[in-house]
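The values are calculated or read from the model by the stated rules, or taken from the named source; none is laboratory data. Since the model is a prediction, treat every value here as computed from it, not as a measurement. In this analysis, Cβ positions are derived from the backbone assuming ideal geometry, glycine residues included, and neighbour counts consider all displayed protein chains. Surface areas here come from the heavy atoms of the whole protein model, side chains and all, with no ligands, DNA or RNA. Shrake-Rupley method; radii C 1.70, N 1.55, O 1.52, S 1.80 Å.
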Amino acid sequence: MKFFHKMVLSMLVLALSLMVVSPTSASASSGAVYTMTNNNLTGNEVIRYERAADGTLSLSGNFSTNGLGTGSSLGNQGGLVLSDDGSMLLVVNAGSNEISAFQVKYNSLMLTDKVNSGGTMPVSIAIDGDLVYVLNAGDANVPGNIVGYRLSDNGTLSMIPGSTQPLSGGFVGPAEIAFNPFGDVLAVTEKSTNIIDTYTVDDNGVAHGPLTHASNGQTPFGFAFDKRGHLIVSEATTNALSSYAVDDDGNLNTISGSIQDFHAAPCWVVVTKDGKFAYTNNAHDGTTSSYAVDKKGMLSLLNPVAGTPGDGNIDLALSMNGKFLYSLNSGPNTIAGFQVNPDGSLTPIGTVDAPIGADGLAAR
């Protein structure tokens, strides 16, 4: 009888251990990469790709934003972004002047809200906790602006009174909006004016500004903050990256000025979580360049050709675990993946097909 009881107990322990291990094993390999169709006829959709443990991607599903794209390039970075914890995905609908919110499920997305962007042609979204700001590019008749929202636990968005602020001028060709790591400063790049705008954000989530700063080089485009709050900005015409110190009042001071990568049109920038490396996509020759970033925000060119993702490489995203880098490529209509090595080098891990006209890239 004792032997029987021991056998039953052993079987029960084994069954319970399998119940615990199985979901853990499944989640260990789960991640995802997202882009959007930006379609102006059939409607904008988010395309989800499942990410395996080795970083390779497989098409997982299409999810309607219930809005419209433009059918043409937005000239942007940050058209769709994940929340800090990866639980929400926010997307611009540039053709219908809206933003959509999705709750991130294990292997799908659930649309939770769609709201007016508070302006014309939204191109980029910034998120910090429950605080969201959208960048509206405007057009020849309507000036661009930024507008703030609160994101609720159930995924709904509510506009923050008094949060709407102008850019430096009317139709200035803005490319991106993002928060610094501390959530108290917003930055916006303006391609047409060679200006970087900054806004301070108060305890109520209201942005104040802008303070306008001349970019160190021409055509400031995509950018990223490192973990210490240094601002690293691409310069599409200068073919370089610059870095800046940013204080609590939004003032910028150049750290590294226009460090060239010797390639054409570096426009998109990501920085690794540890802050040691930055990558930029050179859209005119299909290469990715890497930079080393020191603790003071100084840049040095690491490898002018760290990767060759494909022609028309128009966006970049790092997985949340920092192990993989993805590039959206409009020439072959693909997403190319790379493993990020400890020394900052990149190892190709394959490509998947992407929709024609796709815009934006986010990864978790």
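What ranking, highest mean first, results for peptides 240-250, 73-83 when packing means the other Cβ atoms within 10 Å averaged over each residue?
73-83, 240-250
I need the phi-derived Karplus couplings for segment 310-319: 6.51 cos²θ - 1.76 cosθ + 1.60, θ = phi - 60°, integer Hz, Gly and Pro marked x.
x, 5, x, 6, 10, 6, 9, 8, 9, 5
Each label point is 7 Å from the Cα along the Cα-to-Cβ direction; what then is the distance between the points at L41 and L301, in nm?
Distance between label points: 4.3 nm.
For segment 19-171, take N as its residue count and report Rg(C-alpha) divided by 2.2 N^0.38 Å.
1.10
What are the semi-axes of the equivalent ellipsoid of segment 108-198, taken as the square roots of 5 times the eigenvalues of the Cα gyration tensor, listed largest first and rounded to whole Å?
Ellipsoid semi-axes (Å, largest first): 23, 15, 11.
In the full protein assembly as shown, how much of T254 is accessible to a 1.4 Å probe, in Å² to the nearest 10?
80
Around N239, which amide H atoms from residues at least 5 apart in sequence, or from another chain, sit under 5 Å from its own amide H, with H modelled in the peptide plane?
Correct list: A265.
Please give the charge dipole size of the chain, origin at the Cα centre, charges +1 on K and R Cβ atoms and -1 on D and E Cβ atoms. Round to the nearest 20 debye.
Charge dipole of the chain: 1180 debye, to the nearest 20.
Per the Cauchy relation, a quarter of the hull surface: what is the mean projected area of the convex hull of the alpha carbons in the chain, in nm²?
So the Cα hull casts an average projection of 20.1 nm².
Roughly how many Å² of K296 are accessible to a 1.4 Å probe, to the nearest 10?
Here the residue's solvent-accessible area equals roughly 150 Å².
What is the distance in Å between the Cα centres of segment 92-165 and segment 182-196?
Centre-to-centre distance over Cα atoms comes out at 17 Å.
Estimate the FRET efficiency between D274 and S72 by the formula 1/(1 + (r/R0)^6), using the beta-carbon distance for r and 35 Å for R0, to the nearest 0.05.
0.45
I need the Kirkwood Rh of segment 111-152: take the reciprocal of the average 1/r across all distinct C-alpha pairs and report it in angstrom.
For segment 111-152, inverting the mean 1/r across all distinct Cα pairs yields 10.8 Å.
Sorted by average packing, counted as other Cβ atoms within 10 angstrom per residue and highest first, what order do 133-145, 199-211 take?
The densest-packed peptide leads the list: 133-145, 199-211.
In deg cm²/dmol and to the nearest 500, what is the mean residue ellipticity at 222 nm of the chain if only DSSP H runs of at least 4 residues count, each as -39500 (n - 2.57), divided by the residue total?
Calculated at 222 nm, the ellipticity per residue is -2500 deg cm²/dmol.
With a 1.4 Å probe and all protein chains kept in place, how much accessible area does M298 have, in Å² rounded to the nearest 10?
Approximately 90 Å² for this residue.
How far is it, in nm, from the label point at T347 to the one at L59 when both lie 7 Å from their Cα along the line to the Cβ?
With each label point 7 Å from Cα toward Cβ, the separation is 2.9 nm.
For D84 and D294, FRET efficiency with R0 = 25 Å and r from the beta-carbon atoms, rounded to 0.05?
Efficiency, from the Cβ-Cβ distance: 0.50.
Could you give each residue of segment 94-100 its phi-based ³J(HN,Hα) in whole Hz, using Karplus coefficients 6.51, -1.76, 1.60 with θ = phi - 60°, and x for Gly or Pro?
My calculation for segment 94-100 gives 5, x, 10, 6, 9, 10, 10 Hz in order.
Highest mean first, what order results for 160-168, 63-71 on Cβ atoms within 10 Å?
Result, highest mean Cβ count within 10 Å first: 63-71, 160-168.
Cross-chain or 8 or more residues apart, Cα under 12 Å: how many lysine pairs in the chain fit that? Count them up, please.
7
Need the full-extension length gain, Q103 to T237, defined as separation in residues times 0.36 nm minus the C-alpha distance. One decimal, nm.
Stretched fully, the Q103-T237 segment lengthens by 44.5 nm.
Quote the Stokes-Einstein diffusion coefficient, in whole µm² s⁻¹, for segment 228-325, based on the Kirkwood radius over alpha carbon pairs, a temperature of 37 °C and a viscosity of 0.692 mPa s.
D, rounded to a whole number, is 245 µm²/s.
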